[in-house]
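Here's the structure we're looking at; comments come further down.
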Amino acid sequence: MIKSMTGYGIASVDSGGTKYTVEIKSLNSKFLELSLRLPKMFAEKEFQLRNDCSKSVERGKVNLSINVEQTSSAVKAAGIDNDLLKHYYQQLKTVSAELGEPSGNLLQLALTLPEVVKYNEETVSEEEWKTVEKAFKQALDGFQQFRKDEGRVLEQDVKQRIGTILDNLKAVEAEDPKRVPVIRERLNQFLADAAGVEIIDHNRFEQELIYYIDKLDITEEKTRLKSHCDYFLQTLAADDASGKKLGFITQEIGREINTIGSKANDANIQKLVVGMKEELEKIKEQLLNVL
């Protein structure tokens, strides 16, 4: 079973007046490209999140974000150093009196001076982190399910296209036996027109014809193409199916299709080959989005 590299998952958990929302989304990429957007309070957890994502996500261009929203009316207020505020205020008041300046806004000015207002550094407790981890796991589960669902759609599409290639191969097998009589007749007619029937050495003609037809034989290519298509379907159904492995198999399928087209020397078979190439290109495009 294959999975798509395109995925999306989101989950939210409320805890103690705070809502934590984790969102994960990804697009296709040859490697794992992980981008995290975290609040400052979770900075120390970045390595852990990266490690968990790399184990589960495997590959793709992934964006993970955590949003924190206060759902209660309680707001964490900043602290004020009362002693320092008084010290600044008295100094400002003394200078103001000495200069004869108004002292109406001295308190407001003192509040803006260094170290008066102290903001506690944002930290996350173990209990809060467990809540975030719960949301992360829920989002990751949804993300993985999205990938599986998309993978099933891709699987059905490539199966259908491999089926079309096999149908065209059957048509090629039906057309193949018709080639030899046509080639024999064409060459015989050509020699008769060029040199005359009476001087044709029929034994030599048959020898040359056998050699020429052997060069056009596509029996091995047909067998290998059938084998590669069957292997593709087996790999597609396997638990460890991967886009890279399937991509390698399509290269072998393409090689046999191209050889059949170059050796067939038949208009009807060429049309079927073109149809197979078209389906194979669409399969390759789909595999770019397979994990």
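Every number in this text was worked out from the coordinates using simple rules, so none of it is lab data. All values reported here derive from a predicted model rather than from experimental measurement. Glycine also receives a Cβ, built like all others from the backbone with ideal geometry; neighbour counts cover every protein chain displayed.
Given the Cα-Cα distance of Val153 and Met1 and 0.36 nm per residue of separation, how much length would full extension add, in nm?
Working: separation 152, 0.36 × 152 = 54.72 nm, distance 1.09 nm.
Result: 53.6 nm gained on full extension.
Among residues other than Ala174 with Cβ under 15 Å from its Cβ, the summed charge is +1 (Lys and Arg +1, Asp and Glu -1).
Exceedance of the 31 Å cut-off in Cα-Cα distance is limited, within the set Lys3/Lys226; Lys148/Lys282; Lys215/Lys271; Lys159/Lys215; Lys222/Lys284; Lys159/Lys271, to Lys159/Lys215. The listed peptides 105-113, 19-27, ordered by packing as a protection proxy, come out as 19-27, 105-113 (highest mean of other Cβ atoms within 10 Å first). Across 5 Å bins from 0, what is the distribution of all Cα-Cα pair distances for the stretch 251-291, in whole percents? Going out from 0 Å in 5 Å bins, the stretch 251-291 shows 5, 24, 29, 19, 12, 6, 4, 1 percent.
Report the charge-dipole magnitude of the stretch 1-112 in Debye, nearest 20, computed about the Cα centre from +1 at each Lys and Arg Cβ and -1 at each Asp and Glu Cβ.
The dipole of the stretch 1-112 has a size of about 700 debye.
Would you please put 152-164, 28-40 in order of how densely packed they are, using the mean number of other Cβ atoms within 10 angstrom per residue and starting with the highest? Walk me through the numbers on the way to the answer.
Working: 152-164: 15.8, 28-40: 13.1.
My ranking of the peptides, most packed first, is 152-164, 28-40.
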